1. Which value results when the Cα radius of gyration for the chain is divided by 2.2 N^0.38 Å?
2. If R₀ is 56 angstrom, what is the calculated FRET efficiency for the pair GLN67 and SER341, using the beta carbon separation as r and rounding to 0.05?
3. To the nearest 0.05, how large is the calculated FRET efficiency for ARG169 and ASN351 if R₀ is 45 Å and r is the Cβ-Cβ distance?
4. Mind checking which of SER334, SER120, SER409 has the largest fluctuation in a GNM of the chain, springs on alpha carbons under 10 Å?
5. So how tilted is helix 84-100 from the main axis of the chain? Cα-based, degrees 0 to 90, rounded to 10.
6. Looking at this model, which pairs from LYS129/LYS171; LYS230/LYS270; LYS130/LYS168; LYS25/LYS171 are more than 20 angstrom apart at the alpha-carbon?
7. Where does the chain land at 222 nm, in deg cm²/dmol rounded to the nearest 500, when only DSSP H runs of n ≥ 4 count, each adding -39500 (n - 2.57), divided by all residues?
8. Just tell me which lysines come within less than 20 Å, Cα to Cα, of LYS363; anything on the same chain fewer than 8 places away is out.
Amino acid sequence: MIVMKFGGTSLGDADRINSATNIIKSKTDQKPVVVVSAVAKITDLLIKLINECAMGGGSNILKGIQQRHLEILKQLNIDQSLLDNDFEELSKAARRVNNESRINDKLLDYFQSFGERMSSKIVAALLNKKDINAQALNSYDIGFLTNSNFGEAEPLQSVYTNIKNNLKRTKVVPVITGFIGKTENGEITTLGRGGSDYTAAIIGASIDADEIQIWTDVDGIKSSDPKIVKNARTLGKVSFAEASELAYFGAKVLHPKTILPAMNKNIFVKVLNSFNPKNSGTTILKDSYRNKQVIKAIVCKKNITLINIESTRMLGTYGFLATIFDIFNKNGKSVDVVSTSEVSVSLTIDNDENIEDILSELKEIANVQLLKNRAIVCVVGEGMKNTPGIASRTFGSLAKGKINIEMISLGASKINITFIVDGKEVEKAVNILHDEFYG
Ligand code: ADP
Ligand code: ASP
Ligand code: MG
């Protein structure tokens, strides 16, 4: 069995959906289990819908969402009433918000779930029209249960056996909703934006798939974000460790949690282009790939806040670091990059909502400086473990380009160098490094 996940970019309109189903059809001998995202941009629209409803509006957006799906059904010659129940339920939900005007993460997840619930039905219907016996399934109806951390829910351990038992004897091609799940109390959750990749990996691990395929709109994982570096190259092979670092530090092409379930079961993950299905894409696998290319990718994450915490008390006072992390932990804020010296700690967070409490607690024990609009840049490659001089090439080339580095962290995995620059300089920094290692 293989898992084939199609992202929103691969399901943008009737033509794209048609191509996606042709790709699925070409793989039926490998027993595909299909995972889908919402039609492109629909999740954004559903979030906009709930926000506008809360302010007494939203009817145009609701109409727009329905029309977009109806247009697709019409062009694909699928029964126009296929999604009537979903439209009805969504309209009802929108009216309810109008009256309540209280939005919370639970309601937000419920609204977002409609995207995948509708796209899975369209893809299954089109496969059936092409004589492939397919069935749309809501992930939670085959046991995809999560905790109740709405907006960023984690699957429960039972998911793996539930999915395995439910799919083991399937005679059809299941078309499963990515991104969403349900709590044990029956409330809909989401895994966080871009989470369908994670769904695909969990399903792949559950059924011991031969391969997990992530079908998207680029030829594979690239040496940099192609929107920043014009001549970014497609990487043929990357290791699980490299893929996890580069997804974590900004390569949007893969959700950062995708790798772990695949790695635990040693299942290949392939990133493939639904616009160019003949291309062999990127294969993510266990062993580090030995080739001349020591540095595989230069990735970045924008809109980061850097917090510098400085205290003389740190000298000789053990427990200072623990106290600092405890403050972040207690307030549910996760820290991305950390660097410490004897008297200071610098760390980054990727959103600074509700940090007033954290700041006031920190200020009781230290001097605190907050720097907004920063960016993390991460240089990734297994080869740097055994190659001297990578750090000096990295920082030397940036110095020549007059890029100021605000903090440096060498990853514990020893396959990345991570540092912080001013957000205004990030694109220049990434291009300088791409030229340095790929020029
Ligand atoms: P999907 O809808 O298929 O999930 P995404 O938009 O989530 O697609 O991810 C694909 C996009 O990720 C690409 O169009 C590309 O712009 C962006 N991207 C960012 N960094 C990288 C990278 N290093 N390699 C490939 N794509 C990248
Ligand atoms: N539809 C969701 C999103 O836009 C999940 C995904 O595409 O993976 O974030
Ligand atoms: Mg995605």
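1. 1.04
2. Using R0 = 56 Å, I get an efficiency of 0.45.
3. For ARG169 and ASN351, the calculated efficiency is 0.55.
4. Evaluated over the chain, the most mobile residue of the options is SER334.
5. 50
6. Details: LYS129/LYS171 17 Å; LYS230/LYS270 23 Å; LYS130/LYS168 24 Å; LYS25/LYS171 15 Å.
Those over the limit are LYS230/LYS270; LYS130/LYS168.
7. Helices in the chain give a 222 nm mean residue ellipticity of -11500 deg cm²/dmol.
8. Those lysines meeting the cut-off are LYS330, LYS333, LYS372.
Since every read-out is calculated from the coordinates, none of them should be taken as a lab result. Model, not experiment: these values are computed from the prediction. With ideal geometry, Cβ positions are generated from the backbone for all residues, glycine too; neighbour counts draw on all protein chains shown.
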